[in-house]
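Report on the structure given below.
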Amino acid sequence: MNAFAEVGTFLVQSLATIYLVIVLLRFLLQLCRADFYNPVSQFAHKATAPLLNPLRKLFPSHRNIDFASVALALLIQWLAIQITASLNGNALLNILFVLWWGFLGILSMLINIYIYGLLAAIILSWVAPHNPHPAIALLWQLMEPVMAPFRKIVPNLGGLDLSPIFVFLVLNMCRILLTHAANYARLPGWAVPGF
């Protein structure tokens with residue numbers, strides 16, 4: 001790989017990953033029914049609205065599932081993978097492979113969002129337990145639906161919440177299964193944002 005291809009790959013992957021995280025955050029915030037008027041939610045809404053509004057005509061939402069965000073994430077993945085492959089001297093890739101790889105990349109990003117979000121929430125609960133910052137409130141709104149089922153199973157141990165441990169276990173098991181699915185699909189990790 002020459003220097004131009006390496007720099008181009010880095011830029012395409014970085015920009016695609018940043019925008020994909022924003023699109024997936026918008027999807028998750030709507031899925032969790034988080035506060036729409038929170039400044040972080042407003043940022044995600046404004047950053048994705050120009051591309052999502054036309055897609056909403058083709059992919060309408062159902063209840064709180066935003067299918068247009070999923071379609072946009074797949075489209076961004078497809079473009080990023082194809083541009084990266086072209087920069088590295090590959091011809092057009094099979095669209096079915098690229099969509100499958102993009103789907104696996106999106107799942108990987110969702111798992112990472114929850115792993116890092118959960119880590120941040122745990123640390124913030126120790127360092128700043130009653131901080132009213134809007135980003136922290138939104139983080140808790142995003143993490144609560146994932147931890148709530150485990151809180152029903154794990155008994156309360158005098159104020160010590162062990163549900164994040166079980167969430168980490170499940171997320172890491174999902175990551176292992178996803179890695180095996182990516183290996184089986186011969187996913188080129190250098191070409192897929194999120195992997």
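Every number here is computed from the coordinates shown, using simple stated rules; none is lab data. Because the structure is predicted, anything quoted here is derived from the model rather than measured. When we count neighbours, we look across all protein chains shown, and the Cβ atoms used for this are built from the backbone with ideal geometry, even at glycine.
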Under a plain spin-label model, where a point goes 7 Å from the Cα along Cα-to-Cβ, how far apart in nm are Ala185 and Glu6?
2.8
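Once the Cβ-Cβ distance between Leu177 and Leu79 is put in as r, and R0 is 22 Å, what FRET efficiency do you end up with, to the nearest 0.05?
Details: r = 27 Å, r/R0 = 1.21.
Efficiency, from the Cβ-Cβ distance: 0.25.
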Among (1) 10.3; (2) 13.1; (3) 11.9, which is the computed mean projected area of the Cα convex hull in nm²?
(2)
Most packed first (mean Cβ within 10 Å per residue), the peptides 123-129, 79-85 order as 79-85, 123-129
What's the center-to-center distance, using Cα atoms, between the stretch 171-194 and the stretch 57-100 in Å?
16
For the chain, build the charge dipole from Cβ charges (+1 Lys, Arg; -1 Asp, Glu) around the Cα centre, then report which of Ile83, Val21, Ala34 sits farthest towards its positive end.
Ala34
